[in-house]
1. If you take the residues of the stretch 144-168 that are within 16 Å of the ligand (Cβ to nearest atom) and farther than 22 Å from F279 by Cα, which of them is surrounded by the most Cβ atoms within 10 Å (Cβ to Cβ)?
2. Just a yes or no: is a residue in the stretch 477-489 without any contact (Cβ under 8 Å) to a residue 24 or more places away in the chain and either within 31 Å of the chain's Cα centre (by Cα) or in a loop (DSSP other than H, G, I, E, B) (or both)?
3. Does R367 satisfy the condition of being away from the ligand (no atom under 16 Å from the Cβ), modelled with pLDDT under 90 and either part of a loop (DSSP other than H, G, I, E, B) or over 29 Å from G513 (Cα atoms) (or both)?
4. Would you please name the residue that is nearest to N152 (Cα to Cα), looking only at residues in the stretch 1-53 that are loosely packed, with under 11 Cβ neighbours inside 10 Å and among the small types (G, A, S)?
5. Identify, please: which residue in the stretch 370-411 is acidic (D, E) and in a loop (DSSP other than H, G, I, E, B) and is, among those, farthest from Q315 (Cα to Cα)?
6. Which numbered condition trips up H556, out of (1) in contact (Cβ under 8 Å) with a residue 24 or more places away in the chain; (2) touching a helix residue (DSSP H, G or I) at 6+ places or on another chain (Cβ under 8 Å)?
7. Looking only at the stretch 118-132, count how many residues are surrounded by fewer than 23 Cβ atoms within 10 Å (Cβ to Cβ) and within 13 Å of the ligand (Cβ to nearest atom).
8. Could you grab me the full set of residues in the stretch 37-95 that are of a type in the set (D, E, K, R) and within 30 Å of K287 (Cβ to Cβ)?
Amino acid sequence: MSILKQIQQLRTEINEHNYHYYVLDNPKITDSEYDLLMRELQTLEANYPESITSDSPTQRVGAEPLSAFAEIIHTIPMLSLGNAFDNTEVYDFAERATERLQTKEISYIAEPKLDGLAISLRYEAGLLVTGATRGNGHQGENVTQNVKTIKNIPLCLRGQYPEILEVRGEVVMPKAGFAKLNQQQVAKCEKIFANPRNAAAGSLRQLDSNVTATRPLTFYSYAIGAVSEANLPKTHSGILHQLQEWGLPVAQQNQVVQDVKGCLQYYQTILAQRATLPFEIDGVVYKINDIEQQEILGYISKAPRWAIAHKFPAQEALTQLLAIEIQVGRTGAITPVAKLAPVNVGGVTVSHATLHNQDEIRRKDVRINDTVIVRRAGDVIPEVVRVLLEKRPTDSQPFVLPNKCPVCDSAVVRIAEEAVARCTGGLFCPAQRQQALQHYVSRQAMDIDGLGKKLVVQLVENNLVNNPADIYDLSHEQWAGLERMGDKSADNVMASIDKSKATTLARFLYALGIREVGESTANILAEQFTSLEQLELASEHELQQITDIGPVVAKHIANFFQQPHNIEIIQRLQAIGVHWSTKDSITQILTEPTLAGKTFVLTGTLLQMNRNEAKSSLQKLGAKVSGSISKNTDYLVAGEKSGSKLEKAKNLGVAILEEAEFIELLGK
Ligand code: D41
């Protein structure tokens with residue numbers, strides 16, 4: 001047998017053992033036998049280096065350290081999950097589903113909710129080509145080198161896999177590995193991790209994959225992204241089973257259950273197992289199992305209507321409320337914050353908790369010097385759950401929010417239908433100014449490196465900067481004159497500012513800090529409008545026509561651009577050199593006419609793309625994609641085996657597109 005063939009056989013054999021060990025949890029040989037095989041392969045490869053391929057089981061570690069992670073745009077967004085905190089919310093979720101689906105009985109797949117880091121793996125021709133973090137769901141970081149060091153992630157798929165396969169799942173650090181890692185960190189006098197999730201995230205975001213390789217990480221698949229295969233199983237459980245056949249690890253606790261009752265039983269079972277599971281979980285996830293039903297239900301905002309996370313009760317502790325502090329947010333929102341005697345809640349020291357607003361303080365009757373129960377749930381801000389009235393000092397007084405802003409003394413007002421009170425000072429209020437600037441320079445916005453909170457605070461305190469445009473006018477002398485700054489740091493900041501001028505329209509829109517315009521809305525706006533000028537002119541009504549932009553958001557956007565001082569600042573920024581490529585807008589012009597305002601329904605099986613791809617292509621062109629046919633439907637895209645929807649469309653006289661016509665319409 002030729003050496004190459006021998007090497008190939010060894011790799012296949014090792015991969016097969018990996019599969020039995022990591023995925024099936026049922027090893028066929030002992031660890032030392034396995035080590036022997038690995039060593040044999042290493043020796044052969046060392047003698048025949050030209051035989052080494054990137055998917056060889058020996059090639060998990062050793063890549064050069066990176067200087068930064070590259071960005072990866074997810075071809076299909078990684079969605080988020082809605083939460084249910086009690087049984088009622090699960091019933092509500094199920095009731096909405098049964099109503100929309102017109103059926104009483106629904107099968108769900110119930111899964112443990114792993115507390116780690118969501119990632120997406122992309123396989124092409126069976127080989128792992130990229131691993132990316134979820135990031136904001138739309139764009140993540142390329143962590144391929146690190147992902148390859150995770151031993152239960154296959155470098156190549158088994159069996160009859162599709163040409164392209166994206167797998168979504170969670171990277172976790174098992175409890176045992178976490179404890180051991182922290183012991184090692186202590187021994188090395190390095191920082192210890194607060195919990196397994198932080199440790200997993202920190203390990204996956206190492207620039208040197210050799211470090212990641214030493215960390216005990218594990219991966220579990222829970223969904224698919226883009227896939228070039230039309231004949232996938234018709235249930236989520238079937239898809240997970242298929243993933244396992246292809247060599248991907250799937251949590252063994254997953255279970256198909258019937259109706260809400262089955263879901264809630266599963267919740268109790270897993271809650272009882274929580275302490276003995278090898279990994280940390282913070283709840284369970286229910287997903288409607290039938291893919292067709294999933295498609296009918298569709299998505300709302302960034303979360304599917306067919307899935308929900310049922311969270312375990314958060315961890316709680318008892319402490320003293322020392323004071324109530326008032327924070328003023330970027331948009332003037334006044335938030336009361338409880339200052340607490342520091343207390344350990346589930347491994348994290350908590351010294352502050354949000355009190356939300358005046359109504360919440362009144363409802364819970366929270367007062368200074370009270371003894372309170374605080375709760376911490378995952379990564380959310382700690383909360384005061386309730387007051388122990390029996391421990392309340394006799395002289396305590398109800399707490400009332402001040403009616404003047406504690407920072408700028410402007411009036412605090414509360415609009416009738418809003419829960420929050422706001423400082424009316426606008427950019428006159430130093431707190432608002434500071435936060436607007438911090439937001440403007442932040443990583444997701446203009447990304448001005450080296451211009452952190454401390455510098456922004458100084459700029460505002462010294463009255464050097466009143467609005468974002470002023471940042472660009474500061475001289476070298478002014479920068480160098482700030483505390484802890486010198487010539488060199490002044491040069492660095494000025495260079496970062498210069499560099500940040502080349503940006504994207506989406507980032508710029510987000511940076512402006514328009515109320516209710518977060519990253520995802522900014523992305524949508526940048527995709528919909530060919531230029532900023534066009535957006536500035538858009539009416540509230542036009543804005544509302546865009547999918548995912550509701551009346552409130554539309555109003556805030558239109559209002560923002562109606563303010564002359566906002567336009568003036570934008571013009572100053574552009575004059576100073578802030579710019580973005582119009583590449584995106586050119587492709588948009590080329591594909592015109594767009595499908596803005598048109599409603600599509602997809603049915604049957606498409607051969608050249610899957611439904612999610614078809615849907616996102618349509619949405620990019622401004623079309624709406626709906627789950628059911630009505631007289632408002634403009635087009636039905638009918639793939640193979642179209643059933644009742646095709647009939648209904650014919651009856652209603654809705655235009656019907658075959659796949660080829662549809663692809664032509666997309667301009668592909
Ligand atoms: O175990 C998890 N953390 C988990 C997360 C899971 N079992 N299933 C999930 N399913 C989804 C959808 C339904 C959107 C495919 C998820 C997540 N999403 C998720 N993880 C992070 C954000 C969303």
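1. Looking at residues that are within 16 Å of the ligand (Cβ to nearest atom) and farther than 22 Å from F279 by Cα, I get L165.
2. Yes: one or more hits.
3. The answer is no for R367.
4. If we take residues in the stretch 1-53 being loosely packed, with under 11 Cβ neighbours inside 10 Å and among the small types (G, A, S), then S32 is nearest to N152 (Cα to Cα).
5. Step by step, filter the stretch 370-411, then rank; the result is D409.
6. Here H556 clears every test but (2).
7. 1
8. E71, D86, E89, D92, E95 - these are the residues of the stretch 37-95 that are of a type in the set (D, E, K, R) and within 30 Å of K287 (Cβ to Cβ).
The values are calculated or read from the model by the stated rules, or taken from the named source; none is laboratory data. The structure presented is a predicted model; accordingly, all values stated were derived computationally and were not measured. Note: ideal-geometry Cβ built from the backbone for every residue, glycine included; neighbour counts use all protein chains shown.
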